[in-house]
Amino acid sequence: MKLRTTALCALAALAAGFAVALTGAANAADPLLSQGKPVTASSAENAGTPASAAVDGDLGTRWSSAFSDPQWLRVDLGSTAAVSQVVLRWEAAYATAYQIQVSADGNTWTTVYSTSTSTGGTQTLAVTGSGRYVRVYATARATAYGYSLWEFQVYGTTGSTGCDTATNAALNKPATASSTENAGTPASAAVDGNSGTRWSSAAADPQWIQIDLGSTVSVCQVTLTWETAYATAYQVQVSADAATWTSIYSTTTSTGGTQPLTVAGSGRYLRVYGTARATQWGYSLWEIAVRTGGGTPPTSSPPPTGGDVLLSYNKPAVASTSQSDANCYECTPARAFDLDPASRWATSSTTGWVDPGWIYVDLGATATIHQVILQWDPAYATAYQIQVSPDAATWSTIYSTTTGHGFKETLTVNGTGRYVRMYGTARVGAYGYSIWEFQVYGTGGNPTTPPARPADPSFPATRLVFSDEFNGAAGTKPDTAKWTIDTGTGQNNELQYYTNNANASMNGAGSLVMEARRETVGGRDYTSHRMNTGGKFTFQYGRVEARVKVPKGNGFWPAFWMMGADFLTGRPWPYNGEIDIMEILGKDTTRSYTTLHAPAYNGGGGYGFEKIWTTDLSADYHVYAAEWDSKGIRFFVDSTEVFYASKATVESTRGPWVYDHPFYVILNLAVGGDWPGSPDATTPFPAQMLVDYVRVYQ
């Protein structure tokens, strides 16, 4: 029997009502700088309200402080920025008096805004100042509790040096598009420098226009001049090969017109990728202008280039102490060097929650070290050193900090030695030190080559690797060559008993019928169906989709989701990883949910998005899909992208990304449980979840 989890991003949004992924900028010229950036605070009320929750773009998570004055929350923007606006989204426990401050070094602060009469709520503050660090410094509370912020958003500009705003790098460059409305509105018309010609697309979502800039360039500004048919939601993306794309700007609240966007990214190709239209027509752009210069920003912790390789994989490791018990099974030193993001090293709970605490790796031979990557557990070091040694006895420091921020830290270093050590001297809390991954890059050593991963697919993916069209005759059961049928009770206090195929069959019209009934079987008052491809089909990366019609009624909980295949060989949830592509509650079928679950974020703290629709999803079939590669997962309903889970964002704000391995597919219709609640007198039985097809492309 397979584990079923709740995937309840909505439960974390008790006061906000629902979780919303926040993208976009305060105005067209000044982008949001703070989302997903490293953040620290004077205190946290508990583990469920960390500082990172205030910059994660999720209105259902929050930071809250201890119940005393003063308290502060600080975000590291990564480089000096000209700050123009700060948005504070207070929970009920707000500050009546606070300051907004900026700093170049995180030590000396300049106040750019001050109030002693705040009334809480959402406060949009126009400010003028520059610095790498921005802080809200609160001195008086409105309640007896601490300070609590749903979101702390900083807007402004970075990379102001060297941006050539006089030259349009896109002018008359080759341009292609997903579609054109007609022969008079080609893609080339958006880069011809003529404000009287335009590109326009077909009237469907998504659509894109792509420009070949001729060579790799650093992009610092993109100006979009929209016709009346503009995008309300779109991304600006760059690529080295026109196959794998990185978003450098994203919004769901565009208002059209002329939009000069300050961005930072590099690539040969630039694309505007529209996912929601403001009108019934397609997308239409008079002009796209691309400005270059200003250098290339760091991306999501890439391995260094120039001959550097991963030196630390599966090398012997030693630590000051380690833990292996029911609370942290096999949290031994070797786990930090196994390239398994769901295993970790932790200092001992009985003898190791002290300072200093350390862990080192033996690279097998002398090496030149250029980069160290630490993926911290919440028990991280605020002060630590990276040290090298020829003999594990005499150590030289090549990096030192007293402002460690946890999550993922990518450190540029320069040192020589056979041994590399993290030497922690101050901890963030009462616990010890704990690291999911400790990676060392450089030259020399005696490296072990890690297993190769599959190449990223190009989207749209077209090679069909698995499908079930459910075209059998009426009464035909699911194909057991493709599906394993689950039986027994569910989890999460669900009320149904899953039968061995008694509740599933083809309808003869091209769909599988999964039926929930009010009947007593196995000690439960309801029966239903769940099936999965475990042991039959697993895959890593690609597009997975199902066309489904969900039932309506209190207590129903249909789902289309995936589990890490190592669950089948004994790895417990959530260490195997879970990807919920679609969950809908029968009590409100105008809302759909997509959520990720991992050791550091799961259950009610899962990372995901609730989409509120203007239509009833139970009224018809809809295609629920995920496009998954090594950089992240995009979730779609029909042609609308509803959420992008970026690996870089997750690692820098939530914890390890545990989705770079094979997964299998699951379909089920649950009844009752902690999240949907129980059926009542209005709930219609029998109820059907109809599945037209399931397909996987690579």
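Every residue, every condition in (1) among the aromatic types (Phe, Trp, Tyr); (2) surrounded by fewer than 19 Cβ atoms within 10 Å (Cβ to Cβ); (3) in the same structural domain as VAL665 (by TED's automatic domain parsing), yes or no:
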position	(1), (2), (3)
MET514	no, no, yes
THR527	no, no, yes
THR533	no, no, yes
PRO558	no, no, yes
TRP561	yes, no, yes
ALA565	no, no, yes
ARG591	no, yes, yes
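Can you confirm whether GLY429 is on the phi > 0 side of the Ramachandran plot and either in a loop (DSSP other than H, G, I, E, B) or in the same structural domain as ASP105 (by TED's automatic domain parsing) (or both)?
no
So that you can scan it fast, the table gives a plain yes or no per residue for (1) crowded, with 21+ Cβ neighbours inside 10 Å; (2) at pLDDT below 95; (3) in a strand (DSSP E or B):
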{"residue": "SER618", "(1), (2), (3)": "no, no, no"}
{"residue": "ALA626", "(1), (2), (3)": "yes, no, yes"}
{"residue": "TYR644", "(1), (2), (3)": "no, yes, yes"}
{"residue": "GLY655", "(1), (2), (3)": "yes, yes, no"}
{"residue": "ILE666", "(1), (2), (3)": "yes, no, yes"}
{"residue": "LEU669", "(1), (2), (3)": "yes, no, yes"}
{"residue": "PRO676", "(1), (2), (3)": "yes, yes, no"}
{"residue": "VAL694", "(1), (2), (3)": "yes, no, yes"}
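Quick check on my filter: what residues within the range 448-495 are within 30 Å of ASP362 (Cβ to Cβ) and either touching a Phe, Trp or Tyr at 6+ places or on another chain (Cβ under 6 Å) or among the small types (Gly, Ala, Ser) (or both)?
Result: THR448, PRO450, ALA452.
Given the structure, is THR520 assigned to a strand (DSSP E or B) and in contact with a Lys or Arg (Cβ under 6 Å, 6 or more places away or on another chain)?
Considered against the rule, which asks whether it is assigned to a strand (DSSP E or B) and in contact with a Lys or Arg (Cβ under 6 Å, 6 or more places away or on another chain), THR520 comes out as no.
For the range 429-461, how many residues meet the condition of being buried (at least 20 other Cβ atoms within 10 Å of the Cβ) and β-branched (Val, Ile, Thr)?
Number of matching residues: 2.
Return yes or no: is THR649 farther than 22 Å from PRO478 by Cβ and within 17 Å of the chain's Cα centre (by Cα)?
Yes, satisfied.
Working only within the range 457-503, note down all residues that are touching a strand residue (DSSP E or B) at 6+ places or on another chain (Cβ under 8 Å), over 18 Å from THR538 (Cβ atoms) and among the small types (Gly, Ala, Ser).
GLY472, ALA473, ALA474, GLY475, GLY488, GLY490, ALA502 - these are the residues of the range 457-503 that are touching a strand residue (DSSP E or B) at 6+ places or on another chain (Cβ under 8 Å), over 18 Å from THR538 (Cβ atoms) and among the small types (Gly, Ala, Ser).
Scan (1) of a type in the set (A, V, I, L, M); (2) under 22 Å from GLY282 (Cβ atoms); (3) surrounded by fewer than 18 Cβ atoms within 10 Å (Cβ to Cβ) for the single condition ALA175 breaks and write down its number.
ALA175 satisfies all of (1) of a type in the set (A, V, I, L, M); (2) under 22 Å from GLY282 (Cβ atoms); (3) surrounded by fewer than 18 Cβ atoms within 10 Å (Cβ to Cβ) except (3).
Have a look at SER188, SER179, SER200 and point out the one that is touching a Gly at 6+ places or on another chain (Cβ under 8 Å) and either closer than 25 Å to GLY542 by Cβ or without any contact (Cβ under 8 Å) to a residue 24 or more places away in the chain (or both).
One residue alone meets the criteria, SER179.
(1) assigned to a loop (DSSP other than H, G, I, E, B); (2) buried (at least 24 other Cβ atoms within 10 Å of the Cβ): which one isn't true of THR683, the others all being true?
(2)
Go through (1) at pLDDT below 85; (2) part of a strand (DSSP E or B); (3) not acidic (Asp, Glu) one by one and return the number of the condition THR253 breaks.
The failed condition is (2).
Suppose we filter the range 367-391 for residues that are more than 15 Å from VAL420 (Cβ to Cβ) and either in the same structural domain as SER42 (by TED's automatic domain parsing) or aromatic (Phe, Trp, Tyr) (or both); how many remain?
2
Name the pairs whose Cβ atoms lie under 6 Å apart, with the first residue in the range 277-288 and farther than 20 Å from ALA189 by Cα, the second among the hydrophobic types (A, V, I, L, M, F, W, C) and not in a strand (DSSP E or B), and 6 or more positions between them or separate chains?
What qualifies is THR279/ALA229.
Looking only at the range 49-64, which residues are out of contact with any Lys or Arg (no Cβ under 9 Å at 6 or more places or on another chain) and either surrounded by fewer than 20 Cβ atoms within 10 Å (Cβ to Cβ) or not in a strand (DSSP E or B) (or both)?
Selection gives PRO50, GLY57, GLY60, THR61.
Report yes if some residue within the range 342-356 is more than 20 Å from ARG654 (Cβ to Cβ), crowded, with 22+ Cβ neighbours inside 10 Å and polar (S, T, N, Q); otherwise report no.
yes
Report yes if TYR419 is in the same structural domain as ASP340 (by TED's automatic domain parsing), surrounded by 14 or more Cβ atoms within 10 Å (Cβ to Cβ) and under 30 Å from ALA44 (Cβ atoms), otherwise no.
no
Where residues in the range 462-484 are buried (at least 17 other Cβ atoms within 10 Å of the Cβ) and within 19 Å of MET689 (Cβ to Cβ), which of them is farthest from the chain's Cα centre (by Cα)?
GLY472
Name every residue in the range 256-270 that is assigned to a strand (DSSP E or B) and either without any contact (Cβ under 8 Å) to a residue 40 or more places away in the chain or within 21 Å of THR157 (Cα to Cα) (or both), in order of residue number.
If the condition is that a residue be assigned to a strand (DSSP E or B) and either without any contact (Cβ under 8 Å) to a residue 40 or more places away in the chain or within 21 Å of THR157 (Cα to Cα) (or both), then THR258, GLN259, PRO260, LEU261, THR262, VAL263, ALA264, GLY265, SER266, GLY267, LEU270 are the ones that fit.
Give the range 551-577 a look and list any residue that's touching a strand residue (DSSP E or B) at 6+ places or on another chain (Cβ under 8 Å) and either without any contact (Cβ under 8 Å) to a residue 60 or more places away in the chain or over 24 Å from ASN602 (Cβ atoms) (or both), or say none.
If the condition is that a residue be touching a strand residue (DSSP E or B) at 6+ places or on another chain (Cβ under 8 Å) and either without any contact (Cβ under 8 Å) to a residue 60 or more places away in the chain or over 24 Å from ASN602 (Cβ atoms) (or both), then PRO551, LYS552, GLY553 are the ones that fit.
Take the conditions exposed (fewer than 15 other Cβ atoms within 10 Å of the Cβ), assigned to a loop (DSSP other than H, G, I, E, B) and not aromatic (Phe, Trp, Tyr) and apply them to GLY508. Does it pass?
Criteria met by GLY508.
Looking at this structure, is PHE635 in the same structural domain as GLN540 (by TED's automatic domain parsing), surrounded by fewer than 24 Cβ atoms within 10 Å (Cβ to Cβ) and on the phi < 0 side of the Ramachandran plot?
no
Can you tell which of THR499, THR487 is surrounded by fewer than 19 Cβ atoms within 10 Å (Cβ to Cβ), on the phi < 0 side of the Ramachandran plot and assigned by TED's automatic domain parsing to the domain that holds GLU641?
THR487
Identify all residues within the range 316-337 that are more than 13 Å from GLU437 (Cβ to Cβ) and of a type in the set (D, E, K, R); write none if there are none.
Passing the criteria: ASP325, GLU330.
I'd like to check something: does the range 543-555 contain any residue that is closer than 29 Å to TYR526 by Cα, in contact with a helix residue (DSSP H, G or I) (Cβ under 6 Å, 6 or more places away or on another chain) and surrounded by fewer than 20 Cβ atoms within 10 Å (Cβ to Cβ)?
Taking every residue of the range 543-555 in turn, at least one turns out to be closer than 29 Å to TYR526 by Cα, in contact with a helix residue (DSSP H, G or I) (Cβ under 6 Å, 6 or more places away or on another chain) and surrounded by fewer than 20 Cβ atoms within 10 Å (Cβ to Cβ).
Mind checking which residues of the range 382-424 are small (Gly, Ala, Ser) and either modelled with pLDDT of 95 or more or part of a strand (DSSP E or B) (or both)?
Passing the criteria: ALA383, SER389, ALA392, ALA393, SER396, SER400, GLY415, GLY417, GLY424.
Would you be able to say whether some residue in the range 372-391 is surrounded by fewer than 16 Cβ atoms within 10 Å (Cβ to Cβ) and farther than 14 Å from LYS315 by Cβ?
Within the range 372-391, one or more residues are surrounded by fewer than 16 Cβ atoms within 10 Å (Cβ to Cβ) and farther than 14 Å from LYS315 by Cβ.
The values are calculated or read from the model by the stated rules, or taken from the named source; none is laboratory data. Note that the structure is predicted; figures quoted are calculated from it, not measured. Please note: Cβ atoms are built from the backbone with ideal geometry, for glycine as well, and neighbour counts cover all protein chains shown.
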